[in-house]
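Inspection log for the structure reproduced underneath, given as structure tokens.
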Amino acid sequence: MTVTQFESLLITHGSAILGFCRHLTGNEVSAQDLYQDTLLKAFSKLARINCDTTEEMISAKNYLIGIAVRLYQNQKRRKMNYETSFTDDMEDMLYAEENVIDESEQKELYIAVRQAVDALPEKLRIVTVMLYYADMELSEIAHQLKIPTGTVKSRLSRARTSIREHLKENGYEGF
Amino acid sequence: MKDFDELIRESLLDSPEMNEELNCTMIREFEKRTSKKKSRRWIGALVIPAALAMMGAGVYAASENGFFHDQKDIFGTVTGLTYENATAEIGVSAVYAEDAVNVTLDFLKADVPPYTAIETIRLYGKNMTLTGASGEIDCNGFDTEPAEISMGKAALVIPTGQLPAGTYQLKVNAFTGEKKADAPLDILGNWNVEFTVK
């Protein structure tokens, strides 16, 4: 990968990778730290791969997301950067968003879903964000997390059930 | 009713404001690192010490320093590489907490190979013995997850489960260094640490 290709990778997918980091960590500062650590970690590998096509660009993005997950898990294991499941920053962000859209019912539902996702156990939350936010294939999630595809499916199933229950508890029936 | 999967996808959608300065820093750093010679690569980091080891492993073995050693099969074909005599290069301490033995590794020569060329390190049950008052405990299955090496340190968690109260001796004869896309490297030595379960 050339410097120009690396720049284009950041322009095309940097925002998505940073957003993914934010979903993992729950706040902007930690997300930027994780984003930076992820890129630094990946330099040597990125320098050795081609990134000419859209597919190769997506593959590089998925690789970076895999690294972000592993770094995040390592950091949590070392208890160096532990975050509560739903931080004040995220809450502020959601309520700020809520005010802007004038408390529409749809946005309230989105907020409830995001709260439900954020409240998921880490293993379920990671696969959920990889599928729904990072738009990764099940097989790619399995590859990046080094787990069988069946495990990804079962974690997603448990995540969906948990999100449905959360919504039901908050008055959103029929999902 | 909106499709449930689509609802989750739309709920998670956002476009965080990109920190352009951060991206510029990353691009400059990428340019700086990729313009350097390939000596930073794993294989490059190993070739010279491995060659030295082949020339005089005996001399190195007698010293305090670790050394690389080729693994050969009965036909003399090189089948792998290990790093040996590393006892004095890695400090090991252990404490028991939350049904696991937490082992801290302190890399005393973190700025030289092989430690500069590994990203994570782990410990397999087959490479340790754990002895308590009632005798040796079977360590099969006590494999740790890979731990990232950061600032010359790494933290391993041995999932022993609950242990009876008492004093235990942990003996380790090899840690395994790993780097993505490269073969694992066994780092051999003789580490003995003691910990207490209350």
(request) Using the structure shown, select from A:Lys123/B:Lys179; A:Lys146/B:Lys180; A:Lys45/B:Lys72; A:Lys123/A:Lys153 the pairs with a Cα to Cα distance greater than 18 angstrom. (result) A:Lys123/B:Lys179; A:Lys45/B:Lys72
(message) Let me confirm one metric for peptide A:130-140, namely the mean number of other chain beta-carbon atoms within 10 Å of its residues' beta-carbons.
(response) 2
(request) Let me know the shape class of the stretch B:65-158, please: from the alpha-carbon gyration tensor, a ≥ b ≥ c as square roots of the eigenvalues, rounded when a/c is under 1.5, otherwise prolate if a/b is greater than b/c, or oblate. (result) oblate
(request) May I ask for the accessible area buried between chains A and B, both sides summed, probe 1.4 Å, to the nearest 100 Å²? (result) 3900
(message) 7 Å from Cα along Cα→Cβ at both A:Lys45 and A:Glu169: what's the point-to-point distance in nm?
(response) 3.6
(request) Using a 1.4 Å probe over the heavy atoms of the protein chains, calculate the carbon and sulfur portion of the accessible area of the stretch A:27-67 as a whole percent. (result) 48
(message) What value in Å³ per residue do you get for the convex hull of the alpha-carbon atoms in the stretch B:122-198?
(response) 103
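The values are calculated or read from the model by the stated rules, or taken from the named source; none is laboratory data. If you're wondering where the values come from, they're calculated on a predicted model, not measured in any experiment. Positions of Cβ are generated from backbone atoms using ideal geometry, with glycine treated the same way; all protein chains shown enter the neighbour counts. Heavy atoms of the whole protein, side chains included, go into the accessibility calculation; ligands, DNA and RNA do not. Shrake-Rupley method; radii C 1.70, N 1.55, O 1.52, S 1.80 Å.
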